[in-house]
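Take a look at the structure below.
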Amino acid sequence: MRDENIRILVAKIGLDGHDRGGLIIAQALKNAGMEVIYTGLKNTSENVVEMAIQEDVDIIGISILSGAHLVLMPILMDELKKNNADDIPVIVGGVIPPGDIPKLKAMNVREVFPAGSQVVEAVAFIRRLVQERRKSTRAS
Amino acid sequence: MNLFEKIKAGDICSIARLISKVERRDPEVIKAIKEIYPHCGNAHLIGITGPPGVGKSCLVSELAGKFREKNRTVGILAVDPSSPFSGGALLGDRARMIELAGDKDVFIRSLASRGASGGLSAAVSDAADILDMSGKDLVLIETVGVGQGEVDIARLAHTVLLVLMPGYGDALQAMKAGIMEIADILIVNKADLSGADEAVAELSTVQGFQGMREGQDKWVAPIIKSSTLDGEGIEDIAGAVLKHFEYVKEQGFLRKKNRDRRTNQFLDIFTQQIRDEFMRLVKVDAGIQRWVDKIGDLELDPYSASEQVIELLRNAREQERDSRKRTRK
């Protein structure tokens, strides 16, 4: 069977004006054969969840460089739960201090890619995660 | 509730998942479409096309907002190109539609063209049917940025908007024969830039060269200046879109447009299914395999081969007609 296109939402939430990182990862994921829905800057968590549901994405990638990840991510994860969409896995990339990574993972963020991460690592991780999820959701 | 009832009730999650199934040609979806089909035909399908960078996405967003003010529910299908190399795509249209966020009566979906060459994606027609059935009054379909030949939208939409911007003067000359002909409304967007009036004048001249439209259609496409910075022209465009639909209905063109669209759709599905079925048969039937090999070995030319198959179909039809006559006697 043909390898199905992975659909990923690359989103920026909160007051964060830096989108270079998000755009670079969006291009890299596109070049890896994925369909990337890019949200643009300064979205609310509500908007991001609405987009993820309408676009029926396989995974959500949040880019944060504002330092507000420990405030914004719980809101997003709650919003996903409220909309019965917490089966969509979430990953985070950006300026994340090493000490905060376990805190994000405790909120059920599946992986964190801090500054200095390799794009190929992210691509491989996303592929693996999406394939696992598809196996379990489509079999049921 | 089953899937059909959920979509009829406008359940966002069910609509989104069914569109995904259409995109990956999931066999389950054919069953769903069969159920949905008789309930379609209520939505006004509006195509928005034009070269890259003229502001189609922003305009779609503004127009959708205007239609919401008029209490119409709106579906949006935004198509962006897939990379011919990786198959991936960067779908950025909805980044320009943030103002519509949070409105439960607006459903936005980004589609990658996935190799389709006519400015749309293979899934867009079925996706429009799904939004139609979910109760959306208007479905806005934004094509990829087009050049001169991508006119598939004209076979799908009831009303086609061609969006241009100041500075397209020379390009317009080349467009005379191509994409200009499918436009029901001509828009000079980014009218806040200099040269908008000149662009309108050029469009009007090109329109003069075109002469009358084919057949009985006497609609003359209005030329409207717009700007999404200050909202100039948006009300006029929304008005023209609704007026065109009224015109199409009054003149009795709606039925013809719908029939043409469905005939094309049927032919696309039919040829695809014939291909699929034939490829399946070739794999399992040694006789057919040998017959196909004859074409490859230059013993049988492909035209005669195709004629032989059509002859078989014709004979089968005549036999069926004869047997029906006999049973009637």
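Each reported figure results from applying straightforward, stated rules to the coordinates on display, with no laboratory input. It should be emphasised that the depicted structure is a prediction, and the values quoted were computed from it without experimental measurement. Every residue, glycine among them, receives a Cβ derived from its backbone with ideal geometry; neighbour counts consider all protein chains shown.
When the alpha-carbon atoms of region B:1-112 are used, the pair Rg, Dmax equals 15.4, 43 angstrom. Mean per-residue shielding of peptide A:25-37 is 6, counting Cβ atoms of other chains within 10 Å of each Cβ. Here is the tail figure for region B:3-251: Cα pairs spaced more than 31 Å apart come to 21 percent of all pairs. What FRET efficiency do you get for B:Gln265 and A:Arg110 if R0 is 35 Å and r is their Cβ-Cβ distance, rounded to the nearest 0.05? Result of the calculation: an efficiency of 0.30.
Would you mind pulling out the separation of the Cα centroids of region B:259-314 and region A:15-40, in Å? When both Cα centres are located, 44 Å separates them. Its relative contact order, with pairs defined as Cα atoms under 8 Å and 6+ residues apart, puts region A:51-140 at 29 percent. Using a 7 Å offset from Cα along Cα-Cβ at B:Arg24, what residues in region B:63-92 end up with backbone N under 19 Å from the label point? What the label zone holds, given the 19 Å backbone N cut-off, is B:82-83, B:87-91. For region B:64-169, the pair-distance distribution built from all alpha carbon pairs, in bins 5 Å wide starting at 0, is 2, 11, 21, 23, 21, 14, 6, 2, 0 percent.
The value for region B:260-328 of Rg(Cα) / (2.2 N^0.38 Å) is 1.42.
Neighbouring Cβ atoms from other chains, within 10 Å of the Cβ of residues in B:15-22, number 3 on average.
Quick note on the protein assembly as shown: its Rg to Rh ratio, both from C-alpha atoms and Rh being the Kirkwood radius, is 1.02.
Per residue of B:104-112, other chain Cβ atoms within 10 Å of the residue Cβ number 4 on average.
Dimensions of region A:7-139 based on its C-alpha atoms, expressed as ranges along the principal axes with the largest first, amount to 39, 33, 27 Å.
Fewest first, what order do B:Ile295, B:Ile310 take by the number of other Cβ atoms within 10 Å? Present the calculation step by step, with values, prior to reporting the outcome.
Working: B:Ile295 14, B:Ile310 9.
Ordered from fewest to most neighbouring Cβ atoms within 10 Å, B:Ile295, B:Ile310 come out as B:Ile310, B:Ile295.
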